[in-house]
Amino acid sequence: MKTNGHDATVALGGKVQGFAENDGAKGTKASGEIRLYAVPEPVMKRAHVSGMSAYEELVAEAGADHSAYWARLAREFVTWKRPFTQSLDDSEAPFFKWFEDGTLNVSYNCLDRQVERGLGDKVAILFEADDGQVSRVTYSELLARTCRLANVLRARGVKKGDRVVIYMSMSVEGVVAMQACARIGATHSVVFGGFSAQSLRDRMEGAGAVMVITADEQLRGGKQLPLKAIVDEAIALGGCDAVKDVIVYKRTGAKIAWHPSRDHWMHEATEGQPDTCEPEWVGAEHPLFLLYTSGSTGKPKGVQHSTGGYLLHAAVTTKWTFDLHDNDVFWCTADIGWVTGHTYIAYGPLAIGATQVVFEGVPTYPDAGRFWKMIQDHKVTVFYTAPTAIRSLIKAVSANDAAHPKHYDLSSLRILGSVGEPINPAAWEWYHAHVGGGRCPIVDTFWQTETGGHMITPLPGATPLLPGSCTLPFPGIAAAIVDDIGNDVPDGQGGMLVVKKPWPGMIRTIWNEDERFKDSYFPRELKGYYLAGDGAIRDEATGYFTITGRIDDVLNVSGHRMGTMEIESALVSCTELVAEAAVVGRPDETTGETICAFVVLKGPRPTGDAAKKIAAELRSWVGKEIGPIAKPKDIRFGDNLPKTRSGKIMRRLLRSIAKDEPITQDISTLENPAVLDQLMERN
Ligand code: PRX
């Protein structure tokens with residue numbers, strides 16, 4: 001290990017390590033030598049967690065008394081109506097409870113508290129619309145708008161514990177809708193605006209929603225896309241009889257179908273409502289929200305999050321991971337339909353009184369310089385996006401230099417973030433050099449819908465960086481790598497990522513599926529550890545974690561999580577055409593993975609133009625069943641799928657075929673080797 005420069009030696013993970021200075025060749029690993037990006041002096045100086053010793057003190061505090069550590073933070077970061085007397089209750093593990101006898105309200109914590117602290121006139125949300133129009137909403141205004149909508153919800157009979165589905169575009173109203181639910185103790189379930197009527201219906205039915213909040217349309221990249229029409233279609237599919245009201249935010253003013261008995265314009269309903277609304281004080285374990293996500297088997301899981309523990313995790317990670325201070329302008333580019341948009345748009349930044357940018361559009365409209373222009377215009381200081389966006393913008397720059405960040409003034413930036421999938425070192429280096437000007441640490445944050453917030457991530461003022469590694473656990477997160485019976489694996493040897501101790505922001509259960517919750521995340525053989533579903537490896541020298549990808553049948557396409565089984569079910573539900581289907585992921589330079597489907601038709605195997613035509617039909621079928629994000633890029637047809645004699649589909653083989661790799665696997669047990677040639681043919 002090379003040690004030079006001012007940040008030469010720090011104790012890390014019990015080992016003494018050295019870190020190189022930023023001399024152009026750092027952040028790489030060569031011949032046993034690890035060279036890391038040192039923490040820039042100015043970042044370290046002002047950081048909430050300043051220097052590796054501060055990080056290690058927090059880790060030691062949590063190590064000495066895990067539940068007391070989190071209790072201390074819960075008192076510091078959250079305002080309680082009734083203080084809790086017990087931190088962790090593990091008597092019904094894995095159904096852990098945190099701060100259970102405490103009561104609070106999330107919307108009070110995010111809004112009223114900021115106004116009471118004197119931040120009423122501070123900009124909470126700086127909204128930039130698809131067409132570039134900018135509006136600013138202060139904390140006082142956001143509170144008033146939330147109260148007005150919360151009053152509408154109450155007036156329509158929505159009560160504490162009722163579920164409200166939110167199917168919205170990126171908008172201030174989307175955040176207001178979430179906050180309004182939280183204010184009256186209703187549990188929201190946000191459904192990403194790219195999901196189809198069928199998926200929306202399934203989620204409404206699953207949650208037993210009594211109300212839907214939507215918009216007439218959404219605007220993305222200059223295109224008007226329907227939302228309300230899809231809600232109507234979803235309700236017409238049946239099974240959502242509990243839905244009594246649909247509240248519609250007028251975004252584009254497009255002509256939409258109207259059902260007077262159930263539809264209400266948001267602006268009409270909120271008009272004349274008081275600007276105040278008494279918060280519903282709920283217990284810390286009250287479900288704040290459900291968020292459906294894909295698993296390896298069966299239908300999506302309704303991940304249930306708590307109120308107190310979740311809010312704490314959102315607040316503390318927002319503050320420390322992004323090192324947010326009073327004058328920062330934070331921008332998380334995620335959609336509120338995903339967990340990142342929950343924790344790092346709707347809740348975390350507001351819980352700590354930050355100013356944030358909310359963006360309606362897409363990174364490539366009107367051109368691929370949009371992100372950089374917005375950072376310049378709004379003087380964004382902390383920017384959080386996904387590797388897939390970075391990679392697609394790198395590609396755009398190579399096609400047209402005008403989109404290069406160097407044409408914009410990005411000097412306001414202090415810290416960059418990455419989320420959703422592994423960031424390859426080349427994209428990391430580009431992001432660091434060209435967006436961050438070589439001076440901004442990148443926090444590569446590993447976490448999941450289920451974890452509520454960051455789990456393994458650098459802290460910008462403390463952690464030297466290694467491109468491609470999410471580095472070290474957030475203080476208080478007992479991340480580890482184990483084998484399939486829960487024993488620790490030595491550093492340098494890959495294994496399964498687990499979390500050995502419960503943490504406040506963790507999933508509480510799968511909505512209405514307690515058994516599935518236990519089976520999915522706390523398999524018996526793993527000693528009660530939380531199983532993340534990702535593989536990981538820890539570096540021997542630094543103790544740094546690198547995520548090696550999912551160990552189950554979950555794909556990550558442009559940072560969107562998709563279950564292969566879900567896509568397979570969608571394909572075989574096309575009963576007229578499809579007899580059997582298997583879906584695997586293929587690594588992709590831009591999107592991380594792409595979806596590759598192998599299909600056996602009921603009729604003869606098509607070739608040439610006929611195959612292209614059926615592939616296109618199946619693509620739009622999947623788009624209808626799940627949503628455009630699930631459309632397989634590559635569809636191939638065979639007379640059969642490669643199976644073992646016991647009838648098991650050989651997925652590893654399919655993965656090799658999808659990658660156009662030579663087949664090296666043993667195919668002697670294969671029932672029908674002739675199909676391999678067929679499946680290698682692309683359409
Ligand atoms: O495989 C990991 C990957 O995304 C999965 C979680 O997806 P989702 O629940 O949709 O949440 C995405 C936003 C938090 C993980 O199991 N993943 C997420 N962040 C990273 C990552 N893989 C590598 N590095 C990351 N920083």
**Request:** Could you grab the pairs with beta carbons closer than 8 Å, sequence gap of 6+ or different chains, first residue in segment 228-252 and part of a strand (DSSP E or B), second one of a type in the set (S, T, N, Q)?
**Result:** Val246/Thr214; Ile247/Thr214; Val248/Thr214; Tyr249/Ser171; Tyr249/Thr214
**Request:** Could you look through segment 62-89, keep only residues that are more than 15 Å from Thr317 (Cβ to Cβ) and in contact with a Lys or Arg (Cβ under 8 Å, 6 or more places away or on another chain), and pick out the one that is surrounded by the most Cβ atoms within 10 Å (Cβ to Cβ)?
**Result:** Leu88
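Only one of Leu459, Leu531, Leu466 is within 30 Å of Glu205 (Cα to Cα) and among the aliphatic types (A, V, I, L, M); which?
Checking each option against the conditions leaves just Leu531.
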**Message:** With the requirement that a residue be crowded, with 18+ Cβ neighbours inside 10 Å and either out of contact with any Lys or Arg (no Cβ under 7 Å at 6 or more places or on another chain) or more than 18 Å from Pro287 (Cα to Cα) (or both), what does segment 90-100 give you?
**Reply:** Phe96, Lys97, Trp98, Phe99, Glu100
**Request:** Would you check which residues across segment 272-310 are within 14 Å of the ligand (Cβ to nearest atom) and part of a loop (DSSP other than H, G, I, E, B) and list them?
**Result:** Ser294, Gly295, Ser296, Pro300
**Complete:** Of the residues in segment 321-336 that are open to solvent by 10 Å² or more (accessible area, probe 1.4 Å) and within 16 Å of the ligand (Cβ to nearest atom), the one that is nearest to Ser169 (Cα to Cα) is Asp335
**Message:** Are there strands (runs of 3 or more DSSP E) fully within segment 462-581 with at least 3 residues that are within 15 Å of the ligand (Cβ to nearest atom), within 30 Å of Glu617 (Cα to Cα) and touching a helix residue (DSSP H, G or I) at 6+ places or on another chain (Cβ under 9 Å)? List them.
**Reply:** 554-557, 560-563
**Asked** Would you pick out the residues in segment 582-624 that are more than 34 Å from the chain's Cα centre (by Cα), open to solvent by less than 60 Å² (accessible area, probe 1.4 Å) and farther than 17 Å from Val675 by Cβ?
**Response** Gly608, Ala610
**Request:** From (1) surrounded by 23 or more Cβ atoms within 10 Å (Cβ to Cβ); (2) within 20 Å of Phe127 (Cα to Cα); (3) free of Cβ contacts under 8 Å to residues at least 40 places away in the same chain, pick out the condition that doesn't hold for Thr214.
**Result:** (3)
**All positions within segment 641-658 that are among the small types (Gly, Ala, Ser) and more than 13 Å from Ala597 (Cβ to Cβ)** = Ser646, Gly647, Ser656
**Complete:** Filtering segment 232-251 for residues that are crowded, with 16+ Cβ neighbours inside 10 Å and either in contact with a helix residue (DSSP H, G or I) (Cβ under 7 Å, 6 or more places away or on another chain) or closer than 30 Å to Ala368 by Cβ (or both) leaves a count of 10
**Item:** Filter result (touching a strand residue (DSSP E or B) at 6+ places or on another chain (Cβ under 6 Å), assigned to a loop (DSSP other than H, G, I, E, B) and more than 14 Å from the ligand (Cβ to nearest atom)) within segment 337-359
**Value:** Ala354
**Asked** Which residue, of Ser668, Ser646, Ser656, is free of Cβ contacts under 8 Å to residues at least 12 places away in the same chain and surrounded by 11 or more Cβ atoms within 10 Å (Cβ to Cβ)?
**Response** Ser656
**Prompt:** Which residues, counting only those in segment 14-61, are surrounded by 14 or more Cβ atoms within 10 Å (Cβ to Cβ) and modelled with pLDDT under 55?
**Reply:** Gln17, Gly18, Phe19, Ala20, Glu21, Asn22, Lys26, Gly27, Thr28, Lys29
**Message:** For the condition over 22 Å from Lys250 (Cα atoms), β-branched (Val, Ile, Thr) and more than 26 Å from the chain's Cα centre (by Cα), what is the one hit in Val115, Val123?
**Reply:** Val115
**Item:** Set Ala433, Ala426: member being part of a helix (DSSP H, G or I), among the small types (Gly, Ala, Ser) and within 16 Å of the ligand (Cβ to nearest atom)
**Value:** Ala426
**Asked** Within the bounds of segment 384-404, is there any residue that is within 16 Å of the ligand (Cβ to nearest atom) and in a loop (DSSP other than H, G, I, E, B)?
**Response** yes
**Asked** Does Ala284 satisfy the condition of being touching a helix residue (DSSP H, G or I) at 6+ places or on another chain (Cβ under 8 Å) and not basic (Lys, Arg)?
**Response** yes
**Prompt:** Are there any pairs with C-beta distances below 7 angstrom linking a residue in segment 410-421 that is closer than 16 Å to Gly461 by Cα and open to solvent by 20 Å² or more (accessible area, probe 1.4 Å) to a residue that is within 13 Å of the ligand (Cβ to nearest atom) and modelled with pLDDT of 95 or more, with the two at least 6 apart or on different chains, and if so which?
**Reply:** none
**Message:** Condition check: surrounded by fewer than 21 Cβ atoms within 10 Å (Cβ to Cβ), part of a helix (DSSP H, G or I), modelled with pLDDT of 95 or more and away from the ligand (no atom under 16 Å from the Cβ). Does Ala269 satisfy that?
**Reply:** yes
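The values are calculated or read from the model by the stated rules, or taken from the named source; none is laboratory data. The structure displayed is predicted, hence computed values, not measured ones. A quick note on method: Cβ atoms are made from the backbone with ideal geometry, for glycine too, and the neighbour counts reach across all protein chains shown. For the accessible areas, the whole protein counts, side chains as well, though only heavy atoms, and no ligand, DNA or RNA atoms are used. Shrake-Rupley method; radii C 1.70, N 1.55, O 1.52, S 1.80 Å.
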